[in-house]
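Single-structure report; data block below.
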Amino acid sequence: MTQEPADTVATPQTEGNEESVRATFARLYTDGRAYAQAEVERQKLRAGIAGAGIRNAAILGIVALMLLFAAIVTLLIGLVIALSAMIGPLWATLAVFGSAVLIAVLLLLLAKGQISHMLKTIKS
C-alpha cells in the first residue's frame, strides 16, 4: 500500500498552475501589507493596555497621596488638641505650625542638596 503525499503549500503543483512572477510579487505585497496592518493593530492594542495601566496607577497613586495628606492633617489637628490641654490652644497651634514648617524647610533643603548633587554629577 503506497500513499501519495497530499498537496500542500510547501509543494506547489507544476501542471499548468504556475504563477507568474508578477502574480507572486502581488501576493507577496498583499501578504506583507496584511502582516503590517496586523502588527499595527497589535501595537495599538498594546499601547491601549499600557495607557490603561498607567492611568489606573496614576489614579490609585493620587488617591493614596490624598489619603496621606488627610492623615497628616489629622495628626496635626490631634497634636494641637493634645497640646492645648498643656500649653493652651494658641501656643499649641503655634508649636505644631512651627514644627511643621521647620520639618518642611529641612525636607526642602535636603531635596535641594539632592538636586545640586545630581546636577554636579551630570556635568562631570
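Identify, by number, the condition in (1) at pLDDT below 90; (2) surrounded by fewer than 10 Cβ atoms within 10 Å (Cβ to Cβ) that residue 86 doesn't meet. Of (1) at pLDDT below 90; (2) surrounded by fewer than 10 Cβ atoms within 10 Å (Cβ to Cβ), only one is false for residue 86: (1).
The rows are residues; the columns are (1) part of a helix (DSSP H, G or I); (2) free of Cβ contacts under 8 Å to residues at least 12 places away in the same chain; (3) open to solvent by 70 Å² or more (accessible area, probe 1.4 Å).
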| position | (1), (2), (3) |
| --- | --- |
| 67 | yes, yes, yes |
| 72 | yes, yes, yes |
| 75 | yes, yes, yes |
| 92 | yes, no, no |
| 95 | yes, no, no |
| 101 | yes, yes, no |
| 104 | yes, yes, no |
| 108 | yes, yes, yes |
| 115 | yes, yes, yes |
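Test residue 85 against the stated conditions and say whether it is in a helix (DSSP H, G or I), among the small types (Gly, Ala, Ser) and under 20 Å from residue 72 (Cα atoms). Answer is no for this residue.
Taken together, the residues in segment 105-124 that are more than 29 Å from the chain's Cα centre (by Cα) and closer than 20 Å to residue 69 by Cβ amount to 2.
The values are calculated or read from the model by the stated rules, or taken from the named source; none is laboratory data. Fair warning: this is a prediction, and the values are worked out from it, not measured in the lab. With ideal geometry, Cβ positions are generated from the backbone for all residues, glycine too; neighbour counts draw on all protein chains shown. For accessibility, only protein heavy atoms count, side chains too; no ligands or nucleic acids. Shrake-Rupley method; radii C 1.70, N 1.55, O 1.52, S 1.80 Å.
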